[in-house]
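Take a look at the structure below.
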Amino acid sequence: MAHDRKHHHHHHPNIDDTSIWKLWISIILNLVITLAEFVGGLLSNSLALLSDAVHNLNDTLSLIISLVARKISKKGVNQNKTFGYKRAEIIGAFINLITLVIVALFLIKEGVERFFDPQPIDGFTMFWVAIVGLFGNFITAALLFKESKENLNMRSAYTHILSDGLSSVGVIIGGWMIFKYDWYIVDTILTIGIGAYILYHSYYMLRETIDILMQAKPENLDLSELQNSMLDVEKVCGIHHLHVWQLDESQVMLECHVVINEENLSEMEEVKSGLKKLLHDKFEIFHSTLEFEFEPCGAAHHELEHHLH
């Protein structure tokens with residue numbers, strides 16, 4: 001078991017303090033952008049700019065949630081939380097994505113209402129404030145890019161920022177068109193577009209987050225292949241009560257009952273080592289609990305399908 005634990009810790013990178021200070025800078029930057037866009041939206045009467053401000057406020061909250069979740073996830077294992085606090089980041093990502101969906105639906109509703117009640121907009125103010133927003137988003141996205149590759153919680157925050165940067169580009173183009181041609185309808189189209197874009201990106205990450213919280217098997221893991229590979233290990237007669245789930249993004253857990261012939265009892269440890277090596281090397285499962293049973297091989301094979309979970 002000590003051997004497995006060593007591998008387990010070696011595989012998962014430590015959360016360094018770099019991501020913490022990057023999150024702090026991102027939070028401050030986003031608060032400044034939110035304030036600028038909110039004031040600019042009121043002055044210019046631009047719903048798209050106010051939408052961007054609301055979106056940015058949500059980004060700021062998402063970054064705060066990510067920061068809190070990241071700090072909690074650094075806490076070690078204790079008697080109450082025997083798996084530690086790693087799943088705090090998954091919960092943080094879940095809260096982020098739910099709030100993002102609510103904001104997106106709100107923006108779409110406001111955009112539709114504005115469509116039926118168009119109002120004059122100051123395109124010049126809208127244009128320059130959106131440029132400030134885009135600049136801030138670009139810096140924040142650059143800060144979080146590396147961490148977003150390794151972590152779902154950070155990726156949800158990064159997606160917030162990225163989608164807001166994209167919407168800022170839209171608002172810049174819209175502001176210029178309104179300033180140049182008085183096409184106020186562009187503001188409404190942008191607002192609905194921003195909302196739809198947020199919904200689209202939130203859906204896939206929300207599904208991944210829920211899968212982890214529901215203890216689903218990893219998407220890229222073929223359970224039949226896993227089961228057959230385990231059966232191919234010498235002296236293994238059967239596998240049942242097989243459960244595979246994710247503790248967080250990187251940690252996959254497995255537990256199952258392994259059937260061997262009673263005459264092979266003395267070789268149980270050897271069989272166990274073979275199975276754990278297979279799970280580690282081929283399937284990247286670093287934590288497995290194997291319970292051994294002894295019965296005739298024929299009966300074990302017969303029951304295999306009935307006990308697969």
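Before moving on, here are some points about what is shown:
- Ratio Rg/Rh [Cα only; Rh per Kirkwood] for the chain: 1.17
- Ranking of THR289, THR209, THR125, THR140 by count of other Cβ atoms within 10 Å, fewest first: THR289, THR125, THR209, THR140
- Between the range 135-155 and the range 49-86, the alpha-carbon centres lie 14 Å apart.
- Amide H partners (placed H, <5 Å) of GLY238, local residues excluded: VAL259
- Mean ellipticity per residue at 222 nm, deg cm²/dmol - from DSSP H runs of n ≥ 4 across the chain, formula -39500 (n - 2.57): -23500 deg cm²/dmol
- The ranking of HIS55, HIS201, HIS257 by Cβ neighbour count inside 10 Å, starting from the fewest, reads HIS257, HIS201, HIS55.
- With R₀ set to 41 Å, the beta-carbon distance separating THR18 from PHE294 gives a calculated FRET efficiency near 0.20.
- Charged neighbours of ALA36, selected by a Cβ distance under 14 Å, balance to -4 (K, R count +1; D, E count -1).
- The fewest-to-most ranking of TYR197, TYR203 by surrounding Cβ atoms within 10 Å reads TYR203, TYR197.
- Percent of Cα-Cα distances greater than 16 Å, calculated over the range 223-307: 48
- Kyte-Doolittle at least -1.0, axis length at least 30 Å by Cα - qualifying DSSP helices, the chain: 18-44, 47-73, 88-116, 123-148, 152-181, 185-213
Laboratory data are not the source of any read-out in this text; all were calculated from the coordinates shown. Small disclaimer: the values here were computed from a predicted structure and weren't measured. Backbone-built Cβ (ideal geometry, glycine too); neighbour counts: all protein chains shown.
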